[in-house]
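Data first, discussion second: the structure below is written as structure tokens.
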Amino acid sequence: MAMIQKTIDDIKKMPINQQEIKKLANMTDDDIDYSDMPQWTEQQIANAKKGSEVFDFINNKVTIQLDNDIMAWLQQDKTGYQNRINNLLRQQMMAEIG
């Protein structure tokens, strides 16, 4: 079997298949075919790190000034406006950095 390599730009140009996305969203872990993945060695398992050990997700306290209508919109779903601000900023950041 030949190895296929794609760049991030190649992947971004691929059309999104909504049916495939729905199928993937409904998959359980047991549905995933791992047969083409090599087994991890004991050393790889021992050296593996959790996401929280790789990425620094420590929150920083900041003060920002927001317009009243923006604040009302952020608070409308009662899930925590600070988390909502963080999630919106993370989405924007990810969109910009790819």
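The values are calculated or read from the model by the stated rules, or taken from the named source; none is laboratory data. Remember, it's a predicted structure, so these values are computed and weren't measured experimentally. Here the Cβ is made from the backbone with ideal geometry for all residues, glycine too, and neighbour counts use every protein chain on show.
Of the residues making up segment 56-77, those that are in contact with a helix residue (DSSP H, G or I) (Cβ under 8 Å, 6 or more places away or on another chain) and either more than 20 Å from residue 89 (Cβ to Cβ) or at pLDDT below 85 (or both) are 59, 77.
Here segment 35-55 is the region considered, the condition is being modelled with pLDDT under 85 and part of a loop (DSSP other than H, G, I, E, B), and the residue that is farthest from residue 84 (Cα to Cα) is 48.
Scanning for something surrounded by 10 or more Cβ atoms within 10 Å (Cβ to Cβ) and assigned to a helix (DSSP H, G or I), does segment 56-70 turn up at least one residue? Looking through segment 56-70, at least one residue is surrounded by 10 or more Cβ atoms within 10 Å (Cβ to Cβ) and assigned to a helix (DSSP H, G or I).
For the residues 27, 3, 94, the requirement of being hydrophobic (A, V, I, L, M, F, W, C) and not in a loop (DSSP other than H, G, I, E, B) singles out 94.
Can you pull out every residue in segment 71-95 that is surrounded by 12 or more Cβ atoms within 10 Å (Cβ to Cβ), within 28 Å of residue 12 (Cα to Cα) and of a type outside the set (A, V, I, L, M, F, W, C)? Correct list: 84, 86, 87.
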